[in-house]
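Scroll down for the structure; my scribbles are underneath it.
The values are calculated or read from the model by the stated rules, or taken from the named source; none is laboratory data. Just so we're clear, the structure is a prediction, and the values are computed from it rather than from any experiment. Cβ placement follows ideal geometry from the backbone for every residue including glycine, while neighbour counts extend to all protein chains displayed. Please note that ligands, DNA and RNA were not included when accessible areas were found on the heavy atoms of the full protein model with its side chains. Shrake-Rupley method; radii C 1.70, N 1.55, O 1.52, S 1.80 Å.
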Amino acid sequence: MALSTEQALALLLILNSAHLTAGCSAQDRVVVSGSAGGRAVLPCSYTPTPRQDVEVRWHAYTDQGGPVLLITSKTPSAPIPAQWSGRVKLSDEVSSGNASLLISELRLEDTLDYLCDVWINGICVTYRNVKLTVQACPPLDYVAVSGSAGGRAVLPCSYTASPGQDVEVRWAAYSDQGKSVPLIASKTPSAPIPAQWSGRVKLSDEVSSGNASLLISEVRLEDTRDYMCTVRINGICVTYRNVKLRVQGPPKRDSTTSRKTTTINKKTRPSATPTTRPSATPTTRPSATQKTSPCPTQQGNAAAQRRSYCMKPL
Ligand SMILES: *[C@@H]1O[C@H](CO)[C@@H](O)[C@H](O)[C@H]1NC(C)=O
Ligand SMILES: *[C@@H]1O[C@H](CO)[C@@H](O)[C@H](O)[C@H]1NC(C)=O
C-alpha cells in the first residue's frame, strides 16, 4: 500500500489543520527492509535550531487503512497499539535533528507504510514516508559442525521466541542425491524417520525459548552431510539454516595388527569401534573385522551390551 503525497498531506491536515503551512517539506520517500526477528531504522531528519519546541511523531498505516500513532517525542511512553508495544523507540539524537524510528524484533506484519512528521513550535516543518518490508524467511549464517564417530553433535539453530506463538521446528537431512529427507518435526516428534537416524536424533529441550538445535547421538561416519533447520511461526517460515556436519572416524587401524589395535581402541575410545559401519572403513580388512566381533570381548560390559549394533548379528 503506497501512500501518496496527497494522502500524507491529508493526514497532516487531520493531525494539525490549524498549523499546517506550505513550509512542511517532504523528504524523499524511502524503502527500508529488515529481517523477521531483526531490527530496522526508519530514517527521518530535520534541521535543528536552538531553543525550539520540537515534536517528532511516527505513524503506521495499518491494513485497516487509518494511520495509527506509534510514538511522539512529547509523550514517548504513551500507550501504543499492541503490535508495536515495547518494540519502537525514537533515536537518542532527536534534539540534534535525528528523528529516526527504531523498530526491534521485527515481525512480518510490520511490513507497512510509515510516516514521520516533525513540528517546531507547533508548525509542521517536514515529513517523510517510509516503506518497511520485513523479509519473510531470512537465513541464519551457514555453519559447519564436526563430531567424532560414536560421540554426539549439536547442530545449532535458533529463532526469536515470543509468548503465545505457534512454533514449528523441522530438521531435514540432504541425501547423497541432494534430496531433502525429513528427520524431525517438533509437532510430530514421533513420526517415522529414515533408519539411519532412528532413535538418534532429538530436538533441544528449549525449543519454546528459541533454541531449535538438533542433537544427534552416537554419530556415524555416514551422518557426514548437509542438514537444514526450518522454523515456522503461525505457519509462516521465519528462518532457516543450513548446517554441514562432518564426522571424523576412529583412528586408522593397521591391517597387520588389527586385533591389537582394536584392543587399544577399546580401552581408549570404547565408543568408536562399535558405531563405525564396517563398510565405511575400507582401510580396515573387511574380512578380519567381520569375523571378529566389533563388540568388546569382555562379557558383562554393560555399556557395550546396550549398543544395538553389538546385539545385531553381523
Ligand atoms: C539516527 O539514529 C539512529 C538510531 O539511533 C541511527 O541508527 C542512525 O544512524 C542515526 N542517523 C544519523 C544520520 O545519524
Ligand atoms: C541449545 O540446546 C542444545 C541442546 O540442548 C545445547 O547444547 C546448546 O548449548 C543450546 N544452545 C544455546 C544457545 O542455548
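Between SER148 and ALA195, full extension at 0.36 nm per residue minus the direct alpha carbon distance yields a gain of 14.9 nm. Each Lys and Arg contributes +1 and each Asp and Glu -1, all at the Cβ; summed about the Cα centre of the stretch 132-255, the dipole is approximately 240 debye. Multiplying the residue separation of GLN248 and THR133 by 0.36 nm and subtracting their alpha-carbon distance yields 37.1 nm. Stretching the chain fully between ARG39 and SER162 yields a gain of 42.8 nm (0.36 nm per residue, less the alpha carbon separation).
Packing, taken as the mean count of other beta carbons within 10 Å per residue, orders the peptides 121-128, 73-80 from highest to lowest as 121-128, 73-80.
Along the axis of the charge dipole computed for the stretch 104-214 (Cβ charges of +1 for Lys and Arg, -1 for Asp and Glu, origin at the Cα centre), the listed residues GLN165, LEU203, PRO192 are led at the positive end by PRO192.
Put a dot 7 Å past the Cα of ASP226, heading toward its Cβ, do the same for VAL31, and the two dots end up 2.9 nm apart.
Accessible surface calculations at 1.4 Å, restricted to protein heavy atoms, place the stretch 66-218 at 48 Å² per residue. In this calculation the C-beta distance from SER77 to ASP53 is compared with R0 = 25 Å, giving a FRET efficiency of 0.85. In this simple spin-label model, placing a label point 7 Å from the Cα along the Cα-to-Cβ direction at both SER208 and CYS237 gives a separation of 2.7 nm. In this structure, GLN64 and ASN121 have a Cβ-Cβ separation that, at R0 = 25 Å, corresponds to a calculated FRET efficiency of about 0.15.
Can you work out the FRET efficiency for the pair SER180 and SER104, with r the C-beta to C-beta distance and R0 = 30 Å, to the nearest 0.05?
With a Förster radius of 30 Å, E is 0.40.
Rounded to the nearest Hz, the phi-derived 3J(HN,Hα) couplings of the stretch 155-172 under the Karplus curve 6.51 cos²θ - 1.76 cosθ + 1.60 (θ = phi - 60°) are 9, x, 7, 8, 8, 8, 8, 9, x, x, 7, 9, 9, 10, 10, 10, 10, 9, where x marks glycine and proline.
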